[in-house]
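The values are calculated or read from the model by the stated rules, or taken from the named source; none is laboratory data. All values reported here derive from a predicted model rather than from experimental measurement. Methodologically, a virtual Cβ is constructed for each residue, glycine included, from the backbone with ideal geometry; neighbour enumeration extends over all protein chains shown.
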Amino acid sequence: MGNPASNILSMKIATKGIFTFAGGTHPPQSKELTAESEIQRGPAVKQAAVMLSQHLGAACQPLLRKGNMVQAGQKIGDSDAFVSAPVHSPISGKVKDIALQSHTVLGRSPAIIIEAYEHNPTKRPVADKFTEEFDENKYSAEQICDAVRQAGIVGMGGAGFPTRVKIEPNPQFPKETMIINGCECEPYITCDYRIMLEWTNQIMAGIKLARKASGCSQVLIGIEDNKPEAIEVMSTVIEKSPNRDGIKVVPVKTKYPQGGERQLIQAILNKNVPTGGIPPMIGIVVLNVATAAAIAEAVVDNTPLTHRVVTVTGEAIDEPGNYYVPIGTSVEELIEFCGGVTQKSAKVIVGGPMMGIAIADLTTPITKTTGAITVLTKEQIGKAKFERQQTPCIRCGRCLEVCPEHLNPTKIAHAVKNNLLDVAESYYISGCMECGCCSYVCPANIELTGYIRTGKIFLARQKKKIPE
Amino acid sequence: MLTDLRVSCAPHISKPLSTRSVMIDVIIGLVPAVVAAGYYFRIYALILTSTCVISAVVTEWLCNKILKKPNSLDDFSAVVTGIILALSLPPSLPIWAAIIGSVFSIAIGKMVFGGLGSNIFNPAMAGRAFLTACFGMLMTSWTVPATIDTTMPKISAENTIHARTQATPLAWSKQAIKTKTGAEVVNEQFKDTFTGEVGGCLGETSAVALLLGGLYLLIRQTIAWRIPLAVLASAFVFSAIGYLTDNTAYASPLTHLTSGGMLLCAFFIATDPVTAPLTGRGMWIFGIGVGAITMLIRIVGEYPEGIMYAVLLMNAVTPLIDRLCKRIPAGGKPSA
């Protein structure tokens with residue numbers, strides 16, 4: 001059916017999604033906990049632990065020593081590597097230490113710990129500085145790319161790929177289409193939704209700046225149809241905006257993982273990113289709405305990425321909501337700020353319940369890619385899941401039905417379980433993006449995603465990519 | 001404050017689904033067929049069904065004890081096997097034979113392979129094959145449904161031997177093929193095969209009850225829709241070929257689809273996930289194979305019915321089918 005997005009042009013604001021990908025599932029959305037909660041300022045932190053690796057690519061080297069003074073927004077870590085992004089201090093204060101901190105993915109990993117001065121003004125969002133008349137032509141493409149690099153912007157949807165590398169023109173892979181990801185398919189999380197409603201002009205400015213930098217002719221904003229207000233607000237702002245040619249909103253069906261970039265590309269352009277490849281290979285750039293907002297702030301206001309919106313949610317949280325939080329705030333401090341937890345027994349998840357990472361160390365800091373803290377109760381996780389009871393696979397094939405990457409999760413998982421990594425590879429284990437659909441639907445309660453993730457780590461070790 | 005923090009791999013929520021809930025769904029789907037069996041073959045049908053269920057469950061419990069394996073009765077798969085085996089037995093089968101069949105189904109058909117999920121052959125069909133091999137006569141005598149002949153003694157455990165027997169539609173169909181005449185008489189029975197008022201296995205006679213149960217399973221998405229469709233479509237095509245060549249010798253496709261074990265197989269036996277392929281393409285091949293082999297036996301072979309052999313043969317090649325029909329990732333094979 002060619003390019004389905006071209007049919008959208010003639011419509012009025014239609015909020016019903018027509019396009020989607022094959023596979024996927026429908027976990028309960030649970031977004032009502034925080035969907036109506038406006039973005040509020042987060043805690044005035046006494047201490048911030050800024051991880052030196054918050055992105056894909058080379059980790060930063062610290063630019064200061066213990067005891068040095070820092071200003072809010074000062075660059076404190078950087079790297080010469082091409083695929084990397086600098087980190088900045090969110091607060092003014094003194095470097096207390098450069099030490100290992102718990103990182104959700106990397107385990108213990110170096111961080112710069114900054115102790116705040118007593119009178120530390122908390123930073124406000126800058127959304128009111130942007131209007132509908134924003135004109136991106138005041139800035140050159142090089143200027144934009146440079147500002148994005150200096151501000152340390154990375155993909156804020158979760159993967160954390162340095163944004164400069166994404167938007168910079170690359171002669172090997174010329175870019176044609178930019179997709180702005182406003183799907184937010186992960187249950188519970190509402191930070192992107194609130195940003196779209198409240199920072200609409202800022203996002204629009206960011207989109208136009210990114211379009212200019214990348215040279216894309218077409219910009220498609222994918223939003224799941226469970227967020228009709230966001231679809232309307234974004235469509236309206238495009239109508240009023242100058243230089244709006246080629247920018248349009250594409251409502252997509254509500255289905256998990258619609259916000260995966262490969263799935264979003266499949267849904268709105270009917271194209272498949274090669275397995276193991278990245279979207280630029282087929283001329284596409286995908287940016288999250290929060291990333292677009294950060295680009296606008298970096299270019300126009302010259303401010304680095306030091307704060308982000310985090311949804312603190314889950315039935316075990318006393319006052320769930322969306323907060324504008326300094327990067328480096330500990331999960332514990334943020335939970336306390338939201339009234340603490342209502343239960344003794346719980347699971348604290350950095351991210352949402354489908355792809356988030358359960359943490360055991362509550363001092364784990366917020367990073368540039370942390371969209372949410374979800375605290376689930378024992379009842380919600382389910383008794384079987386909480387106690388990890390598995391029954392044998394009955395080969396029902398539900399995992400195959402839901403796999404958005406069209407893999408065979410049960411075969412891969414059982415190969416890994418039996419330490420047959422070559423068999424796992426023959427079933428294309430590398431194609432898995434760990435969305436969790438297979439584990440979610442498995443009636444035998446098998447941790448398919450867990451096995452597959454383990455298999456990928458074993459394979460990486462075998463190929464000496466990471467040490468044991 | 002938090003004192004009991006749990007960690008595990010994502011995802012942290014799961015669909016409220018378990019092996020037990022899947023099996024309970026199948027049991028619910030089988031209820032109409034059991035009710036129909038009770039209606040047409042009276043109390044003995046229910047006695048036979050409960051015998052099979054109880055001996056299947058007891059066998060699994062004993063096997064677990066002997067093999068020192070954890071109790072697996074709470075997944076209800078033994079109950080499903082018991083019911084399906086009972087529904088595929090002739091109504092006049094003695095109780096002792098039903099017990100032997102159930103014990104074989106569970107012990108040899110399932111537990112020696114390692115229990116649920118590891119068996120190669122459908123346990124109920126393995127048990128039925130064993131009974132057919134051992135007690136050929138008992139497995140091929142068919143009593144008349146009690147609703148046809150009210151003067152005949154009510155069938156019960158004591159007097160099954162005296163019950164009047166009758167040829168099944170498939171036996172007539174075989175006769176028609178041999179004599180090259182009389183297929184239209186078989187076709188006239190369509191109404192009876194649809195409601196179930198004919199001779200045949202306990203739960204196989206009533207097409208309407210099986211369709212009802214099958215529809216429930218399809219709506220609940222408990223079974224994969226590809227397999228029933230593939231089985232029925234391929235059986236339809238092959239019987240249509242016969243019917244169109246010579247309609248006095250070969251019964252019509254509709255007769256073939258509604259008689260014998262075709263519907264029970266399409267919805268409840270071939271769809272047993274453990275012994276069927278995993279991938280969509282594999283399911284098509286499996287279903288088409290079951291339908292084709294069944295029709296081959298019914299039309300060309302010596303036996304009037306071939307469902308059991310078709311399912312067991314296709315079970316045997318399922319690992320091969322799975323190997324041949326590997327899924328290709330959405331983004332194509334990785335280039336490296």
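Things to note:
- Scanning segment A:446-468 for residues that are within 22 Å of A:Cys396 (Cβ to Cβ) and more than 7 Å from chain B (Cβ to nearest Cβ) yields a total of 5.
- Residue in segment A:288-310 that is part of a helix (DSSP H, G or I), surrounded by fewer than 23 Cβ atoms within 10 Å (Cβ to Cβ) and at pLDDT below 95 present: yes
- Criterion (part of a helix (DSSP H, G or I), farther than 25 Å from A:Val402 by Cα and either at pLDDT 95 or above or of a type in the set (Val, Ile, Thr) (or both)) met by exactly one of A:Ile238, A:Ile265: A:Ile238
- All told, A:Gly276 falls short of being within 14 Å of another protein chain (Cβ to nearest Cβ) and in contact with a strand residue (DSSP E or B) (Cβ under 9 Å, 6 or more places away or on another chain).
- Residue-level check: of (1) more than 7 Å from chain B (Cβ to nearest Cβ); (2) part of a loop (DSSP other than H, G, I, E, B); (3) over 18 Å from the mean Cα position of the chain (by Cα), A:Gly328 misses just (3).
- Residues (in contact with a Lys or Arg (Cβ under 9 Å, 6 or more places away or on another chain), aliphatic (A, V, I, L, M) and free of Cβ contacts under 8 Å to residues at least 60 places away in the same chain) located in segment B:254-294: B:Ala276, B:Leu278, B:Met283
- Residue that is farthest from A:Ile247 (Cα to Cα) [pool: residues in segment A:169-183 that are within 14 Å of the chain's Cα centre (by Cα) and in a loop (DSSP other than H, G, I, E, B)]: A:Cys183
- Checked against the criterion of being closer than 26 Å to A:Asn408 by Cβ, of a type in the set (Asp, Glu), within 14 Å of chain A (Cβ to nearest Cβ) and assigned to a helix (DSSP H, G or I), segment B:315-332 has at least one qualifying residue.
- Residue satisfying all of: in segment A:428-444; facing another protein chain (nearest Cβ under 7 Å) and of a type outside the set (Val, Ile, Thr); surrounded by the fewest Cβ atoms within 10 Å (Cβ to Cβ) among these: A:Ser430
- Only listed residue being surrounded by fewer than 24 Cβ atoms within 10 Å (Cβ to Cβ) and assigned by TED's automatic domain parsing to the domain that holds A:Gly259, chosen from A:Lys208, A:Lys240, A:Lys166: A:Lys240
- Selected residue (criterion: farthest from B:Val186 (Cα to Cα)) from residues of segment B:244-253 that are touching a residue at least 24 places away in the same chain (Cβ under 8 Å) and of a type outside the set (Gly, Ala, Ser): B:Asp246
- Selection from segment B:8-54 of residues that are over 29 Å from B:Gly196 (Cα atoms) and charged (D, E, K, R): B:Lys15, B:Arg20
- Test: residue in segment B:263-271 that is of a type in the set (A, V, I, L, M), outside any helix (DSSP H, G or I) and either within 14 Å of chain A (Cβ to nearest Cβ) or in contact with a His (Cβ under 8 Å, 6 or more places away or on another chain) (or both): yes
The rows are residues; the columns are (1) within 14 Å of another protein chain (Cβ to nearest Cβ); (2) in a helix (DSSP H, G or I); (3) over 30 Å from A:Val273 (Cα atoms).
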| residue | (1), (2), (3) |
| --- | --- |
| A:Val286 | no, no, no |
| A:Met355 | yes, no, no |
| A:Leu362 | yes, no, yes |
| A:Gln380 | yes, yes, yes |
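- Failed item, numbered, when B:Ala230 is tested on (1) within 17 Å of the chain's Cα centre (by Cα); (2) crowded, with 24+ Cβ neighbours inside 10 Å; (3) of a type in the set (Gly, Ala, Ser): (2)
- Some residue of segment A:331-339 being more than 7 Å from chain B (Cβ to nearest Cβ), at pLDDT 90 or above and assigned to a strand (DSSP E or B): no
- Conditions (1) at pLDDT below 90; (2) buried (at least 18 other Cβ atoms within 10 Å of the Cβ): number failed by A:Ala44: (2)
- Filtered residues of segment B:244-264 (kept if surrounded by fewer than 22 Cβ atoms within 10 Å (Cβ to Cβ) and of a type outside the set (A, V, I, L, M)): B:Thr245, B:Asp246, B:Asn247, B:Thr248, B:Ser252, B:Pro253
- Residue within segment A:222-231 that is surrounded by fewer than 21 Cβ atoms within 10 Å (Cβ to Cβ) and among the polar types (S, T, N, Q) present: no
- Residue within segment B:61-71 that is within 27 Å of B:Met308 (Cβ to Cβ), within 22 Å of the chain's Cα centre (by Cα) and surrounded by 15 or more Cβ atoms within 10 Å (Cβ to Cβ) present: no
- The residue list B:Ile28, B:Ile13, B:Ile47, B:Ile54 contains one member that is within 14 Å of chain A (Cβ to nearest Cβ) and either outside any strand (DSSP E or B) or among the β-branched types (Val, Ile, Thr) (or both), which is B:Ile13.
- If you go through segment B:219-235 and keep only what is without any contact (Cβ under 8 Å) to a residue 24 or more places away in the chain and either in the same structural domain as B:Asp25 (by TED's automatic domain parsing) or within 20 Å of B:Gly291 (Cα to Cα) (or both), you end up with just B:Trp225.
- Meets criteria (crowded, with 20+ Cβ neighbours inside 10 Å, closer than 15 Å to B:Asn122 by Cβ and in contact with a Ser or Thr (Cβ under 9 Å, 6 or more places away or on another chain)) for B:Thr318: yes
- Matching entry among B:Ala249, B:Ala310 (being hydrophobic (A, V, I, L, M, F, W, C) and either more than 17 Å from the chain's Cα centre (by Cα) or part of a loop (DSSP other than H, G, I, E, B) (or both)): B:Ala249
- Filtered residue count, segment A:62-85, keeping only those that are touching a residue at least 40 places away in the same chain (Cβ under 8 Å) and surrounded by fewer than 22 Cβ atoms within 10 Å (Cβ to Cβ): 6
- Number of positions in segment A:386-426 that are crowded, with 18+ Cβ neighbours inside 10 Å, without any contact (Cβ under 8 Å) to a residue 24 or more places away in the chain and not in a helix (DSSP H, G or I): 3
- Some residue of segment A:205-223 being outside any strand (DSSP E or B), farther than 23 Å from A:Gln266 by Cα and without any contact (Cβ under 8 Å) to a residue 60 or more places away in the chain: no
- Among the residues of this structure, A:Ile195 counts as one that is part of a helix (DSSP H, G or I) and closer than 30 Å to A:Ser79 by Cβ.
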